[in-house]
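The values are calculated or read from the model by the stated rules, or taken from the named source; none is laboratory data. Small disclaimer: the values here were computed from a predicted structure and weren't measured. Cβ coordinates were reconstructed from backbone atoms using ideal geometry, including for glycine residues, and neighbour counts include every protein chain displayed. SASA here: full protein model, heavy atoms, side chains in, ligands and nucleic acids out. Shrake-Rupley method; radii C 1.70, N 1.55, O 1.52, S 1.80 Å.
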Amino acid sequence: MSKQFIHKVKVYYEDTDAGGVVYYSNYLKYLERARTEAINSIGLSNKKLLEKNGVLIIVKSCKINYIKPAQLEDHLEINSKVKSTTKTSFTMSQVIKNKKKIITEAEVHLVVVNKKGKPTMIPNALSQLLK
């Protein structure tokens, strides 16, 4: 349906628990960074969307499946792709790979809201990402 965006991340000590394994909540941070970089790749940013269009993108829900843990100094690749859209929201499929093997899968439902937190139409500038 849409272009695939790729973002790479190195696992640092601060990302891990005492055993050198990535702490589960850090995967959500990796996914967020990948979505942010996907938006940046089309010449936008969360700040620009707020300043020029008066909108924010917020997470409504996230379904995540941890398949295999990442560890200290692993080099991860996050693949992000828009799965579906509505007038005010979109769902992204995101996959984290380590050495080309899937270690985490996520489906994230995102909603575009105005400054008051009410769902609003996706701006035309952002719709490029959703194609």
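Between CYS62 and ASN40, what length comes free when the chain is fully extended (0.36 nm per residue of separation minus the Cα-Cα distance, one decimal in nm)? Walk me through the intermediate numbers first.
Numbers: separation 22, 0.36 × 22 = 7.92 nm, distance 2.15 nm.
Extra length from CYS62 to ASN40 when fully extended: 5.8 nm.
Mind checking the full-extension length gain between GLN71 and GLU105? Use 0.36 nm per residue of separation minus the Cα-Cα distance, one decimal, nm.
On the way: separation 34, 0.36 × 34 = 12.24 nm, distance 1.66 nm.
That works out to 10.6 nm of additional length.
Rounded to the nearest Å, what's the spacing between the alpha carbon centres of segment 29-59 and segment 73-128? Just the number, please.
One Cα centre to the other: 10 Å.
Within the set LYS52/LYS87; LYS8/LYS118; LYS3/LYS60, which residue pairs have Cα atoms separated by over 30 Å? Walk me through the numbers before you get to the answer.
Values: LYS52/LYS87 19 Å; LYS8/LYS118 33 Å; LYS3/LYS60 22 Å.
Beyond 30 Å between Cα atoms: LYS8/LYS118.
Subtract the Cα-Cα distance of LYS83 and LEU50 from 0.36 nm times their separation in residues, and report this length gain in nm to one decimal.
Taking 0.36 nm per residue and subtracting the Cα distance, the gain is 9.5 nm.
With +1 on the Cβ of every Lys and Arg and -1 on the Cβ of every Asp and Glu, and nothing else charged, how large is the dipole of segment 27-71 about its Cα centre, in debye rounded to the nearest 20? Intermediate results must be reported in sequence, preceding the final value.
Working: 9 positive and 3 negative charges, 20 e Å.
About 100 debye.
Put +1 on the Cβ of each Lys and Arg and -1 on the Cβ of each Asp and Glu in the chain; which of THR104, MET92, GLN71 then has its Cα farthest toward the positive end of the dipole?
MET92
To the nearest 20 Debye, how big is the dipole of the chain about its Cα centre, given +1 on the beta carbon of each Lys and Arg and -1 on that of each Asp and Glu? Numbers along the way, then the final one.
Values: 23 positive and 11 negative charges, 134 e Å.
Value, rounded to 20: 640 debye.
Please work out the average accessible area per residue across segment 44-112, using the 1.4 Å probe convention, and give it in Å². Present the calculation step by step, with values, prior to reporting the outcome.
Numbers: 4040 Å² over 69 residues.
Here the per-residue accessible area is 59 Å².
Leaving out ligands, DNA and RNA, and with a 1.4 Å probe, what % of the accessible surface on the chain is carbon or sulfur?
Working: 4080 of 7990 Å².
Roughly 51 percent, rounded to a whole number.
What list of ³J(HN,Hα) values in whole Hz, one per residue of segment 57-64 in order, does the Karplus curve 6.51 cos²θ - 1.76 cosθ + 1.60 (θ = phi - 60°) give from phi, with Gly and Pro shown as x?
Result, ordered by residue: 10, 10, 7, 8, 7, 9, 10, 10 Hz.
Assigning unit charges at the beta carbon (Lys, Arg +1; Asp, Glu -1) and nothing else, what dipole magnitude in debye, to the nearest 20, does segment 1-45 show about its Cα centre?
Numbers: 6 positive and 5 negative charges, 51 e Å.
Approximately 240 debye in magnitude.
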